[in-house]
Amino acid sequence: MPTDEQLAVDLMRRTDHGRVAASRHALPLLAAARHIVVEGRVLLRMHRGCGSHQACAGGIIAYGTDNLSSARPGESLWSVQIVGRCEAVEPTAAERERFGPAPRLVDGERFDPVYLGITPQFCTVHSTDDGLERQFQHIL
């Protein structure tokens, strides 16, 4: 039976973007990020100009993704959240390539990438209509 962590990481591989939740000056911060999964770790690419990475690096953050806007008719909905320590990372050339093309601009500024890594410590997976149980019955 897969653990929540294994299921969460597998589902994250099916999406490209998600949302970071962190605290900045004791206030909540939500930011969009591009992600890839590398050996059970989640690597993020964010825009340096927004400054969100400063609230993330060195702290414990939450990161989530879902299929709420991409599910096909009849497909169950799911969402995944991981919580873990976040740190600045320098991805390999192959990892950078996996992120795909970067946006040219973010909020009117030239995109300046910053990379972060999260090692999941806690994971939650939610789904509708027992969809994940049916989808993963071969490994449950």
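The values are calculated or read from the model by the stated rules, or taken from the named source; none is laboratory data. Keep in mind that this is a model prediction, so the values were computed, not measured. Using ideal geometry, Cβ is built from the backbone for each residue, glycine included, and neighbour counts are taken over all protein chains shown. Accessible surface areas use protein heavy atoms only, side chains included; no ligands, DNA or RNA. Shrake-Rupley method; radii C 1.70, N 1.55, O 1.52, S 1.80 Å.
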### Message
Please list, in order along segment 98-113, the HN-Hα scalar couplings obtained from phi with the Karplus expression 6.51 cos²θ - 1.76 cosθ + 1.60 (θ = phi - 60°), rounded to whole Hz, x for Gly and Pro.
### Response
5, 5, x, x, 8, x, 6, 10, 9, 6, x, 9, 4, 5, 10, x
### Task
State in Å² the accessible area per residue of segment 24-140; use a 1.4 Å probe, count heavy atoms of protein chains only, and round to the nearest integer.
59
### Query
What ³J(HN,Hα) values, in whole Hz, does the Karplus curve 6.51 cos²θ - 1.76 cosθ + 1.60 give for segment 118-123 when θ = phi - 60°, with x put for Gly and Pro?
10, 9, x, 10, 9, 9
### Summary
In whole percent, the fraction of accessible protein surface over segment 37-95 that belongs to carbon or sulfur atoms, probe radius 1.4 Å, stands at 52
### Message
For TYR115, what accessible surface area do you get with a 1.4 Å probe? Give it in Å², rounded to 10.
### Response
20
### Message
Suppose each label sits 7 Å from its Cα in the direction of the beta carbon; what would the ARG110-LEU68 distance come out to in nanometres?
### Response
3.5
#### Entry: Highest to lowest packing among 45-55, 97-107, 119-129, scored as the average C-beta count within 10 Å
45-55, 119-129, 97-107
